[in-house]
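Single-structure report; data block below.
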Amino acid sequence: MSAPLYQMIYTDLKKQIEQGHYEINDLLPTEKELAALYSVSTITAKKALDLLKEEGYILRKPRKGSVIISNRKNESTFEKLIIGLVITNFSDFFGTQILRSILNYDAEKLNVIVKITYGDLKKENEYIQELIDLGIQGLILLPTSSEYTSPKILELIARDFPVVVIDRLMDQLPVCSVQTDSFSASKELTNYLFEQGHQKIGLLTSDSRVSTIDERVDGFLSAHVDANRAVSQKQIFSVIDSVVPGSSRSITEDVELIVEFLQKNPEITALFTTEYNIALLAKSAIEQQSKAVPNDYSIVCFDHPTINLFDLNAFTFAHIEQDQTSIGHEAMTLLLRKIKDPTLIEKVNLGYQLIEGDSVSSL
């Protein structure tokens, strides 16, 4: 099967650049000129130029044209390799360590440009395009959604542009990824509650459309199946919304909903929450009823802020601690390998640790 027309034009222009037919700072023909030269549409010509830009050969300058900045792939006029990082957000309990690990990775040789989407899919797509226009050589992405993949990402994947996805399982796409084994971690966390004698466990989660949350819910349910324990739909409360980026629901509203959920299900003795902020909401709901954690209810969650050693009264939830430093380090290592070998597809599952904390009591 023959290569697409834009790929053939790209290959021809790349060869001319590498063989010295064009000098650094020379202008390539315009999209219109290339379209006429190769008897193709201007859209096809643009795709060829975009590919040259993404691989570091040219820079597209408004009102000037396509300027040659290198005669070798990924060798731009910048002294450092430029990496783009697009994330939804970061906080003390998840993201900060990942960000620090990426920024500190071989900092003398890498320049990382960070963009934060705050859960906005439109911004995600715009930021990716903006980074591509800036001439990045690779992209690390924490997507807003696992159900929806931006057209720009699909385009980059189709071109074998170096992309690594973090904290999301994207088995359906040929893209490199680094994530914690959330399914296994969730099963272990649920089994920990079983071992402490809890029979009826409530599941509190958001309606967030990300694979990580789905894996945690699946692990919770799988642990019940393996233990031959029934779990009814009324034990699952999945409408918490204030924790989702961009939500208009107030924290107070969600706390009131959890209070109502607990009052309707008095047999529940423990709560499995899929993230730290939901654990905080649950604790507030319990305390509003003049009850306490762990005396009246036990709570477990994923992720947790680092506790200050000098805070002797600090309260720690039983939780799954992800190796966030390794997530960042592995993502950058994998991305650099992908830059060297565009055909590489590797999905990395990292380990975790269960921290028992102060929020679970034995029955």
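Any residue in the range 272-279 that is of a type in the set (Ser, Thr, Tyr), part of a helix (DSSP H, G or I) and under 26 Å from Lys187 (Cα atoms)? Scanning the range 272-279 turns up at least one residue that is of a type in the set (Ser, Thr, Tyr), part of a helix (DSSP H, G or I) and under 26 Å from Lys187 (Cα atoms). Inspect the range 154-177 for any residue being in a strand (DSSP E or B), surrounded by 21 or more Cβ atoms within 10 Å (Cβ to Cβ) and of a type outside the set (A, V, I, L, M) and give the result as yes or no. Yes, the range 154-177 contains at least one residue that is in a strand (DSSP E or B), surrounded by 21 or more Cβ atoms within 10 Å (Cβ to Cβ) and of a type outside the set (A, V, I, L, M). At pLDDT 90 or above, polar (S, T, N, Q) and in contact with a Phe, Trp or Tyr (Cβ under 7 Å, 6 or more places away or on another chain), is that true of Thr117? No; evaluated as a whole, the condition is false for this residue.
Screening the candidates Leu193, Leu221, Leu203 for the property of being at pLDDT 95 or above, assigned to a strand (DSSP E or B) and touching a strand residue (DSSP E or B) at 6+ places or on another chain (Cβ under 9 Å) yields one hit, Leu203. A count restricted to the range 224-258 and to residues that are touching a Gly at 6+ places or on another chain (Cβ under 8 Å) and in a helix (DSSP H, G or I) stands at 1. The one condition from (1) modelled with pLDDT of 95 or more; (2) assigned to a loop (DSSP other than H, G, I, E, B) that Ser146 does not meet is (1). Scanning the range 298-328 for residues that are at pLDDT 75 or above and aliphatic (A, V, I, L, M) gives Ile299, Val300, Ala314, Ala318, Ile320, Ile327. Scanning the range 27-45 for residues that are surrounded by 13 or more Cβ atoms within 10 Å (Cβ to Cβ) and in a loop (DSSP other than H, G, I, E, B) gives Leu28, Pro29, Thr30, Val40, Ser41.
Within the range 121-153, being closer than 28 Å to Lys109 by Cβ, polar (S, T, N, Q) and crowded, with 20+ Cβ neighbours inside 10 Å holds for one residue alone: Gln137. Here Ser290 clears all of (1) polar (S, T, N, Q); (2) without any contact (Cβ under 8 Å) to a residue 12 or more places away in the chain; (3) part of a strand (DSSP E or B) except the condition numbered (3).
Each residue in the range 94-120 was checked for being among the charged types (D, E, K, R) and surrounded by 15 or more Cβ atoms within 10 Å (Cβ to Cβ), and 2 pass. Among the residues examined, Leu173 does not qualify as within 27 Å of Asp120 (Cβ to Cβ) and either at pLDDT 95 or above or among the hydroxyl-bearing types (Ser, Thr, Tyr) (or both). The residue list Ile140, Ile128 contains one member that is part of a helix (DSSP H, G or I), at pLDDT 85 or above and β-branched (Val, Ile, Thr), which is Ile128. Here is a check on your reading of the model: is Leu51 of a type outside the set (Val, Ile, Thr), at pLDDT below 90, part of a strand (DSSP E or B) and buried (at least 17 other Cβ atoms within 10 Å of the Cβ)? Here the answer is no, as Leu51 does not meet what is asked.
For the range 98-125, how many residues meet the condition of being under 20 Å from Leu336 (Cα atoms) and in a helix (DSSP H, G or I)? Of the residues in the range 98-125, 7 are under 20 Å from Leu336 (Cα atoms) and in a helix (DSSP H, G or I).
Just one of the listed residues (Ile268, Ile278, Ile213, Ile201) is among the β-branched types (Val, Ile, Thr), more than 27 Å from Gly351 (Cβ to Cβ) and in contact (Cβ under 8 Å) with a residue 12 or more places away in the chain, and it is Ile268. In the range 266-281, the qualifying residues are those that are in contact with a helix residue (DSSP H, G or I) (Cβ under 6 Å, 6 or more places away or on another chain) and within 19 Å of Ala223 (Cβ to Cβ), and the one that is surrounded by the fewest Cβ atoms within 10 Å (Cβ to Cβ) is Ala270. For the range 316-363, residues that are of a type in the set (A, V, I, L, M, F, W, C), outside any loop (DSSP other than H, G, I, E, B) and free of Cβ contacts under 8 Å to residues at least 60 places away in the same chain total 1.
The values are calculated or read from the model by the stated rules, or taken from the named source; none is laboratory data. Quick caveat, the model's predicted, so the values are computed rather than measured. So basically every Cβ, Gly included, is an ideal-geometry build from the backbone, and we count neighbours across all protein chains shown.
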